[in-house]
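Take a look at the structure below.
The values are calculated or read from the model by the stated rules, or taken from the named source; none is laboratory data. Keep in mind that this is a model prediction, so the values were computed, not measured. Cβ atoms come from the backbone with ideal geometry, glycine included; neighbour counts cover every protein chain shown. We work out accessible area using only protein heavy atoms, side chains counted, and drop any ligands, DNA or RNA first. Shrake-Rupley method; radii C 1.70, N 1.55, O 1.52, S 1.80 Å.
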Amino acid sequence: MKVLALSSSPRKDGNSRMLAESVLAGAAQAGHDVEIVDLSDVVSAPLRDCRVCRNAAGRCSIDDDYEDLLVGKVLPADALVLATPLYWYGISGQLKVFIDRIFCYEAAGYPEHEHVKRRLVNKRLAAVVSSEETYPGSLVGITAHLQELARYLHHDFVGVVQGFGNSRGEVARDPGDPLGKAFDLGVRMFEARATDYRIDTPRPSTVWADAAVGTPD
Ligand SMILES: Cc1cc2nc3c(=O)[nH]c(=O)nc-3n(C[C@H](O)[C@H](O)[C@H](O)COP(=O)(O)O)c2cc1C
């Protein structure tokens, strides 16, 4: 399986990238192909008005490597790892721009939009977030956002690891061991349970197959 991490901090030696690298180290140990891309190397401008921006061939005229990233790496990936610092209680602008610009390629004006829509769905999605603040509510905005994104794209949202730190690399000193948790998430990327039941969803009475005791009432 292919696991692609999109690192969205401008700091390439920062905390969220470290977390992403740990996810990939775990995924590599489990035998998967892994790659990391720094969005700051690729995404040079926000989404524009596509009617004005598209060239005669229907392609985005923003002169950067976004199309290569989306078509060449994101669409073929089986799992995406979104890495972001907590910025103003949400994702980084760079990651938001990456997500916004998907629109240009799945909208009808892009010649291969059907291909893009077909390949964008049915992936595993994970996120790693670094933040200075530690209270649980700090992550609510990002979790809610990415959960909705996953729902829309038919992705399985398998987990979020938050690490605490402010200066570069400080997340390694977080006693909660987010780097270890990120590694574990990578190892279990394709085995992790990603359930989201409705009242009528058929399911077993236990979460884990080898559960020995207890009844679900
Ligand atoms: C523009 C900006 C906004 C930030 N907003 C928050 C915030 O709302 N809450 C928080 O806990 N930390 C905030 N921080 C701190 C970063 O989340 C923290 O330093 C993080 O570890 C940086 O990750 P990085 O090393 O991957 O860049 C902010 C930092 C910056 C530069």
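Could you check the stretch 140-190 and list, in sequence order, the residues that are among the charged types (D, E, K, R), within 15 Å of residue 83 (Cβ to Cβ) and part of a helix (DSSP H, G or I)?
Of the residues in the stretch 140-190, the ones among the charged types (D, E, K, R) are 148, 151, 156, 168, 170, 173-174, 177, 181, 184, 188.
Those still in the list that are within 15 Å of residue 83 (Cβ to Cβ) too: 168, 181.
Within the stretch 140-190, just 181 meets the criteria.
If you go through the stretch 1-37 one residue at a time, how many are within 11 Å of the ligand (Cβ to nearest atom) and open to solvent by less than 50 Å² (accessible area, probe 1.4 Å)?
Within the stretch 1-37, residues that are within 11 Å of the ligand (Cβ to nearest atom) and open to solvent by less than 50 Å² (accessible area, probe 1.4 Å) number 9.
If you take the residues in the stretch 72-125 that are within 16 Å of the ligand (Cβ to nearest atom) and under 24 Å from residue 28 (Cβ atoms), which one is surrounded by the fewest Cβ atoms within 10 Å (Cβ to Cβ)? So that I can check it myself, show each step before the final result.
First, pick out the residues of the stretch 72-125 that are within 16 Å of the ligand (Cβ to nearest atom): 81-98.
Still in the list and also under 24 Å from residue 28 (Cβ atoms): 81-85, 95, 98.
Values: 81: 31, 82: 26, 83: 32, 84: 28, 85: 25, 95: 26, 98: 23.
The residue in question is 98.
Among (1) within 16 Å of the ligand (Cβ to nearest atom); (2) within 14 Å of residue 4 (Cβ to Cβ); (3) open to solvent by 30 Å² or more (accessible area, probe 1.4 Å), which single condition is residue 175 missing?
Condition not satisfied by residue 175: (2).
Listed residues 161, 140; which is buried (at least 20 other Cβ atoms within 10 Å of the Cβ) and either more than 24 Å from residue 117 (Cα to Cα) or touching a Phe, Trp or Tyr at 6+ places or on another chain (Cβ under 6 Å) (or both)?
Details: 140 fails: buried (at least 20 other Cβ atoms within 10 Å of the Cβ).
Only one candidate qualifies: 161.
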